[in-house]
Amino acid sequence: MEEPEMQLKVKKVTDKFTESMYVLANEPSVALYRLQEHVRRSLPELAQHKSDMQSWEEQSQGAIYTVEYACSAIKSMTDSSVYFKSIDSLLKHAIAMKEQLNAAQGRSTAAPQAKNPPASS
């Protein structure tokens, strides 16, 4: 009677051992499968994020270029203030010369009129 009982116990032990060996043998493949599933689900979203980031980078680079160009233009305008001051000085000088010419012409046209008064009838 003990032998069938012993065989039953041995069979249970060997079955459990076989099951444990099967689980251990297949555990890495299950882990890899789960990893593959995770990558398959996550990859499209990650690819979209990468695309969005590249687009934002391009927009940022364009904005940075625009700002740098504007700063360069403002610096050039600031540096050109010397030239504007020179132009202002030359224009003031030209206006003064024109006023002198107008005054000289006014005196020269007024002087002949004083010498020859209009004829009275």
Tell me, please, whether a residue that is open to solvent by less than 80 Å² (accessible area, probe 1.4 Å), part of a helix (DSSP H, G or I) and either in contact with a helix residue (DSSP H, G or I) (Cβ under 9 Å, 6 or more places away or on another chain) or of a type in the set (A, V, I, L, M, F, W, C) (or both) can be found in the range 76-93.
no
Taking the range 1-54 as the search range and keeping residues that are open to solvent by 100 Å² or more (accessible area, probe 1.4 Å) and among the polar types (S, T, N, Q), which one is farthest from the chain's Cα centre (by Cα)?
Gln7
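The values are calculated or read from the model by the stated rules, or taken from the named source; none is laboratory data. These numbers were taken from a predicted model, which means no experiment stands behind them. Because the Cβ atoms are built from the backbone with ideal geometry, glycine has one as well, and the counts that use them run over all protein chains shown. These accessible areas exclude ligands, DNA and RNA; they are computed on the full protein's heavy atoms, side chains included. Shrake-Rupley method; radii C 1.70, N 1.55, O 1.52, S 1.80 Å.
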